[in-house]
Each structure stands twice: as C-alpha cells, then as structure tokens.
Amino acid sequence: MEYTKVKNIRGYIDLEQFGLNVLQESLSKFLCCNVTIFINPLSELKKYNIDILANHKRGFYPIDDDNVIVLGRILEEDKMISSIGLRISKTGIKKSARFLTILEGAITHTLTEQYQARFNQCKFKLGDELLLHFIANYLSKGGYDYRHVRHLIDYFSKLRTTSFEGNYFSTGVIMTKAHFDYQIEGKRFGKTYALKNNISLANTVEIDRRFWYLVDGKKTFFISNKSLVLTQLFVVDHEYENVNYIDSHVLARSLKGADLLFKLENEKLFSIINSDNIEISYSENHWKYRDFNFIRSIFEHHFEDKDLIESFLFFVIYCSKNSISSLIWLPINIDNIDEMIKPTTKNKLIKTPISIKDKSFTNHIIRYLSSDGATIIDKKGFLQFFGCIVDLGKIKIHGVKGTGESAAGALAYNGISIKISQDGSIKIFNKADSKPIII
C-alpha cells in the first residue's frame, strides 16, 4: 500500500481531538522531557535529513546527544502506511537509545491497533495504557512472559494502596530466571530460605496483606521464578551496610542479567528496577523513568571523588522520595557566592563544616536541606551554609516560574544548582539561564 499522510486516514479527527495531546503529556511526564509532535513527518523531518520511507522498519532516529526522533508508525501487512513523528528533547537522551527503540515499538503497536479501530479508543490507549504496555514489554525482554510481567505490575499497583492494621507498608519481590543462583551462599550477597509452601501469583488477584507485610522490601524480599511462583525468602547480607545508597536501593550486588526488583517504599511509591540501574516508578499519579547511571554522570565533573557523588545523590534522592522541598547549590567558586545571595543569611549552626560523607550527620544534614533557603555544599563535599536567601533583585525571571526555580536557575552561573519539589521532581541546573535537566 502507498504511504498516506496521517491527516488523510480514517479516524484522524478522533486522534487529533482525543489522542495526540494525551500521548504528548504522557511521554513528557514519563521521560521528564519535551515532546514535539510532527503530523507530517515525511516532509517535516527532512530538515533533519531523515527520509522515513528509506526504511519502513525503522522508527528511531538520533539527531544529537539531546534530541531524538521516534516515529510512531501505522502498519498494514507489515508495511508503513502512515505515521506521526515525535521529537524527544532532554539532556543526554541519546544514551537511552535501546529504551526508546522499545518505546517506539509500543507506540507503533498502539497506533496500528487504533487505526484498525478508527481511533475510537485513542483517548484511553495513548496514555497510561500505552505506558503500561511499553513497561511490560521492556521488562519482559529478558526472557519473561509479557503477560506475567504485566500481571505483576497490576498486582503491585493494587498492593501499593493496601494497608495492614491501618498502616501502609513497604514490601518487595525479586523476579528472576536464576533463582538457584540466589541459593549459592555469597553469590548474590544474601541468604535464601525456602518457603514452607510455594505461592503462585500467576492466576490470582487476591491480596494477602498479612503475607506481604512479612518482608520489608529493603533488607528482605520474596523471590519469584519466571512463572510467578514465590519459592524463597531472600535476606541481604551485611555487605549492603557498607555500599552507597543507590547501590543499596537498586540491589546492585544482587540483581544480575534479567533480574527485576518490584518494591513498594510507601503508599505513594511503587518502583521496578532492573540490573542496568534503570528505575521505573509510579508516584504522584504518573509513571516516571530514571537512569541512575545518567544521574551519576551529571556530577562527575564537579565531584572528583566518586564517594562524594554517591553521598550527594543519597540526599537528593531521599528528599525526592520523601516529598522534601529543597534547594541545593554546588558552587565552583565558593568565594563568589555573595554575588547571588544575601550575605547575612549564610547560616551556620556549628563552626566546623560538615562532610556529606559523614553518616553520623545524615539526619542532621536532612534537617538543613529541608529548611527554607539554599544549602551550599563545596566541591570537597562540605556543607558550608544553610538557609541562604537568594537576592531576588539580581535574578532575571523569564516566563512563568516559581521563586525557587528562578533562584535555582540563577545560581547555576557558578556551578550546579538542584531544585527538589514536594511532588518528587528533581530539576538540575548546570548552565546559567538554560533549561534544567529534569529527573
């Protein structure tokens, strides 16, 4: 069949009215990026030297490090008969090429399915349903049955809002094809204990809250085989007491290959983590993608000490997951900080600067971070001042922004600033007057 502009295919009016905006918003929130839709990619993408007809099976085109094109194709008899283009813009997005290629497949699958139904369900299918289809498809690539992965996602979504004796609780399960590896002492940095009775989740939606309450999703987990049969209790060993926060959070020493970690941290946060340090979480009513390796790379040129990066990211992620609003400034030249803040607000509680690597001060530092004003940490990882008020008279505000975000953007003239909002979003400003990296 010949290629046809999407505007000329049957049902396009419904797609335009009910589907495209939902698709754009859903992807923007999920990837924390900017999404631009091209209705006529055949001509509109020529400015990027992209000929979408050169290869009907191709749907992913990197432009540069921060911009990629995803082509949502509409197929008939395995031939592309129409399409829409999506430019995804975010710092470092090209590094997520494999992830986005699978996303393109999900978009193509959904658009093709909806084309066959004249797009009468696109309002529902191009939002969370598309993301759920993609997430299950992405996670099942390691050799799992797509249906089992999707079932476990739905199961944990229900478990997230389940309480035990009036209180919400954390819990977790490791899904693995190598459950025998976990039985070998020391191989997965923990010890397993066989359950008295194996429990299958494959064909049930019943939630046994008392059972799930017995593991905390932090130090103890159930282990499931690829058929969704729970066979063992896994208890992490003391080695995890000495690893950094992120490695502990993602079970970096235990998860290998296709292993998946499903865990609930609280009633708000459901996370799925793989061995590549990728976290897909559901919080504040939407799905979010985080690549912890990419987050680390943002600070590699600021903190030369890797342990400092890990310690700093602990506080950033902790504030995000616990809905703590905070403004953090990492100046390159700390002698010039008076140029942007009111010098009289450079607060100190004790004379000696506190190292963010000193675990005895962890809770104390969190109190500083959660107080009003900016917390200033130098390049060696010492918390120098807290509660610093940015001089608003020195800030040029462009567009509609909150005071905190405007302040964070201005501070990036000297180093890096981080704005953490109560909704868990993290905005990193590493260039003055530029758009933030949202994670």
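The values are calculated or read from the model by the stated rules, or taken from the named source; none is laboratory data. Being a predicted model, the structure only gives us computed values, none of them experimental. We place every Cβ from the backbone using ideal geometry, glycine too, and count neighbours over all the protein chains shown. With ligands, DNA and RNA removed, areas are computed over all heavy atoms of the protein, side chains included. Shrake-Rupley method; radii C 1.70, N 1.55, O 1.52, S 1.80 Å.
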Worksheet item: Do we find that LEU130 is buried (at least 19 other Cβ atoms within 10 Å of the Cβ), part of a helix (DSSP H, G or I) and touching a strand residue (DSSP E or B) at 6+ places or on another chain (Cβ under 8 Å) in this structure?
Response: no
Worksheet item: When you scan segment 315-350, how many residues do you find that are in contact (Cβ under 8 Å) with a residue 24 or more places away in the chain, out of contact with any Phe, Trp or Tyr (no Cβ under 9 Å at 6 or more places or on another chain) and not hydrophobic (A, V, I, L, M, F, W, C)?
Response: 8
Practice prompt. Please state which of the following conditions VAL235 fails to meet, knowing it meets all the rest: (1) in contact with a Lys or Arg (Cβ under 7 Å, 6 or more places away or on another chain); (2) part of a helix (DSSP H, G or I); (3) surrounded by fewer than 17 Cβ atoms within 10 Å (Cβ to Cβ); (4) of a type outside the set (Ser, Thr, Tyr).
Written response: (2)
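What residue, of PHE312, PHE294, PHE270, is closer than 28 Å to SER371 by Cβ and touching a residue at least 40 places away in the same chain (Cβ under 8 Å)? Let's see the steps before the verdict.
Details: PHE294 fails: closer than 28 Å to SER371 by Cβ; PHE270 fails: closer than 28 Å to SER371 by Cβ.
None of the others qualify; the one that does is PHE312.
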Item to complete: Out of the residues in segment 322-336 that are hydrophobic (A, V, I, L, M, F, W, C) and crowded, with 16+ Cβ neighbours inside 10 Å, state the one that is farthest from GLY409 (Cα to Cα).
Response: ILE324
Worksheet entry | Number of the exception - GLU16 against (1) in contact with a helix residue (DSSP H, G or I) (Cβ under 9 Å, 6 or more places away or on another chain); (2) in contact (Cβ under 8 Å) with a residue 40 or more places away in the chain; (3) more than 30 Å from PRO436 (Cβ to Cβ); (4) of a type outside the set (S, T, N, Q) | (2)
Discussion item. Would you confirm, using the coordinates I've provided, whether LYS226 is over 14 Å from THR192 (Cβ atoms), modelled with pLDDT of 95 or more, among the charged types (D, E, K, R) and open to solvent by 90 Å² or more (accessible area, probe 1.4 Å)?
Written reply: yes
Item to complete: For segment 243-252, indicate whether the set of residues that are open to solvent by 50 Å² or more (accessible area, probe 1.4 Å) and out of contact with any Asp or Glu (no Cβ under 8 Å at 6 or more places or on another chain) is non-empty.
Response: no
Practice prompt. Would you kindly identify the strands (runs of 3 or more DSSP E) lying entirely within segment 45-92 that contain at least 2 residues that are open to solvent by less than 10 Å² (accessible area, probe 1.4 Å) and closer than 25 Å to CYS32 by Cβ?
Written response: 67-76, 79-89
Fill in: Index of the failed condition, TYR240 passing every other in (1) closer than 26 Å to THR204 by Cβ; (2) of a type in the set (Phe, Trp, Tyr); (3) open to solvent by less than 30 Å² (accessible area, probe 1.4 Å)
(1)
Worksheet item: Are there any pairs, at least 6 apart or on different chains, whose C-beta atoms fall under 7 Å, with the first in segment 72-101 and farther than 26 Å from ILE273 by Cα and the second open to solvent by 30 Å² or more (accessible area, probe 1.4 Å) and among the polar types (S, T, N, Q), and if so, which?
Response: ILE81/THR4; SER82/THR4; ARG87/THR36; ARG87/ASN67
Worksheet item: Among the residues of segment 274-286 satisfying the criterion of being open to solvent by 10 Å² or more (accessible area, probe 1.4 Å) and touching a residue at least 40 places away in the same chain (Cβ under 8 Å), which is farthest from LEU260 (Cα to Cα)?
Response: GLU284
Worksheet, complete the sentence: Matching residues in segment 227-246 (in contact (Cβ under 8 Å) with a residue 12 or more places away in the chain and within 15 Å of GLY190 (Cβ to Cβ)) number 9
Worksheet entry | Odd one out for GLY186, checked against (1) touching a Lys or Arg at 6+ places or on another chain (Cβ under 8 Å); (2) at pLDDT below 95; (3) within 21 Å of ASP259 (Cα to Cα) | (1)
